[in-house]
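Enquirer: Structure incoming, see below.
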Amino acid sequence: MLSGEDTADLSGLVDRDPVAHIFVRAQLDVHGSAAPEGGPLVLGYFDDGQLTSACWVGANIVPLNCTALQAKRFGEAVLRLGRSFSSLFGPASAVRGMWEVLRFGPQTAFDIRASQPLLATGCPPAVPPAATVRPSVPEEYDAVLPACAAMFQEELGYSPLGGGGGAYRQRVRSLIDQGHSFVDIAPDGAVIFKSELGTVTRHVTQIQGVWMSPEFRGRGLAAGYMAAVVRHALMIAPVTSLYVNDFNAPALAAYQRVGFEKVGDFATVLF
């Protein structure tokens, strides 16, 4: 387990791949330490006294810079901790290595997304941005929340608002307040398109939650909408990124039209 004295070394490890390691960078920005308070912890793997890989352990398990052997060792360490978690995600080879161990643990995965291309761009979009996409405002929360919940249910198969969904509601409100929620809203107040910058650091942002109302799908609108999100994202950090299921051919085609290029492979296991 890493201590506060390991913070600089962990930061250096994250900086080896700011796009792939954006989640841990964002956590470091919040907590300011490799020994965060409040429950999460960071496991480290040392070779000859040098930190060579690490693994964030919280509600999400996130390995970084791992070899296959290191990933298995992290999986074994996570099992010994006896914690529960909601997802395992990150570079595909590390996720696969950890899953080889965690699949024998007490938690059962309900979905495994083994191949998710990691895409990034630092260039202005290659197609004209949709002029109607803009940051949402707090007064639009009641319209944005159902769109966010619809995207979540389509993606994961259950509603995030079950049992009240207090944490999810606060997450949506926070993204709006921060200016990280983007929408196109019809004159009647219905959300046509929405997306968020789910993770933001000084050097990279990560686009998440891309959703279009079903009645507007198949009209060739996606690339222009994503171009608008990219344009906004590049005002915040010099690179923006996302990862997508490899079977989602329409989304991949739209992202490539905008100018995204593949920079890695992710995988996700959902519990």
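Enquirer: Among the residues of the stretch 218-236, which ones are open to solvent by less than 20 Å² (accessible area, probe 1.4 Å), over 30 Å from residue 15 (Cβ atoms) and out of contact with any Phe, Trp or Tyr (no Cβ under 9 Å at 6 or more places or on another chain)?
Expert: Across the stretch 218-236, the qualifying residue is only 224.
Enquirer: Are any residues in the stretch 30-49 under 20 Å from residue 71 (Cβ atoms) and either surrounded by 12 or more Cβ atoms within 10 Å (Cβ to Cβ) or touching a residue at least 12 places away in the same chain (Cβ under 8 Å) (or both), and if so, which ones?
Expert: 34, 40, 41, 42, 43, 44, 45, 46
Enquirer: Taking the criterion of being open to solvent by less than 50 Å² (accessible area, probe 1.4 Å) and closer than 18 Å to residue 3 by Cα, would at least one residue in the stretch 75-86 satisfy it?
Expert: Within the stretch 75-86 (the criterion being open to solvent by less than 50 Å² (accessible area, probe 1.4 Å) and closer than 18 Å to residue 3 by Cα), the answer is yes, since at least one residue qualifies.
Enquirer: Given the criteria exposed (fewer than 15 other Cβ atoms within 10 Å of the Cβ), within 24 Å of the chain's Cα centre (by Cα), of a type outside the set (S, T, N, Q) and within 22 Å of residue 264 (Cβ to Cβ), does residue 54 qualify?
Expert: Taking the combined requirement at face value, the residue does not satisfy it.
Enquirer: For the stretch 176-217, give me the residue count where each residue is surrounded by 19 or more Cβ atoms within 10 Å (Cβ to Cβ) and not in a strand (DSSP E or B).
Expert: Adding up the residues that qualify gives 3.
Enquirer: Given the options 57, 24, 78, name the one that is closer than 20 Å to residue 200 by Cβ, at pLDDT 95 or above and β-branched (Val, Ile, Thr).
Expert: Every option except 24 fails the conditions.
Enquirer: Only one of 110, 104, 89 is under 21 Å from the mean Cα position of the chain (by Cα) and surrounded by fewer than 19 Cβ atoms within 10 Å (Cβ to Cβ). Can you tell me which?
Expert: 110
Enquirer: Looking only at the stretch 92-101, count how many residues are buried (at least 22 other Cβ atoms within 10 Å of the Cβ) and not hydrophobic (A, V, I, L, M, F, W, C).
Expert: Looking only at that region, the number is 1.
Enquirer: Looking at (1) closer than 15 Å to residue 229 by Cβ; (2) within 21 Å of the chain's Cα centre (by Cα); (3) buried (at least 16 other Cβ atoms within 10 Å of the Cβ), find the lone condition where residue 149 falls short.
Expert: (1)
Enquirer: Considering only the stretch 162-174, I want to know if a residue exists there that is more than 22 Å from residue 215 (Cβ to Cβ), in contact (Cβ under 8 Å) with a residue 24 or more places away in the chain and open to solvent by 20 Å² or more (accessible area, probe 1.4 Å).
Expert: yes
Enquirer: Please give the number of the condition residue 125 fails out of (1) open to solvent by less than 60 Å² (accessible area, probe 1.4 Å); (2) touching a strand residue (DSSP E or B) at 6+ places or on another chain (Cβ under 8 Å).
Expert: (2)
Enquirer: Condition test on residue 239, is it open to solvent by less than 10 Å² (accessible area, probe 1.4 Å), modelled with pLDDT of 95 or more and closer than 18 Å to residue 126 by Cα?
Expert: In short, no.
Enquirer: Please determine whether any residue of the stretch 245-259 is surrounded by 20 or more Cβ atoms within 10 Å (Cβ to Cβ), outside any strand (DSSP E or B), of a type in the set (Gly, Ala, Ser) and on the phi < 0 side of the Ramachandran plot.
Expert: yes
The values are calculated or read from the model by the stated rules, or taken from the named source; none is laboratory data. What you see is a predicted model; the values in this text were computed from it and never measured. Positions of Cβ are generated from backbone atoms using ideal geometry, with glycine treated the same way; all protein chains shown enter the neighbour counts. Calculation scope for accessible area: heavy atoms of the full protein, side chains included, ligands and nucleic acids excluded. Shrake-Rupley method; radii C 1.70, N 1.55, O 1.52, S 1.80 Å.
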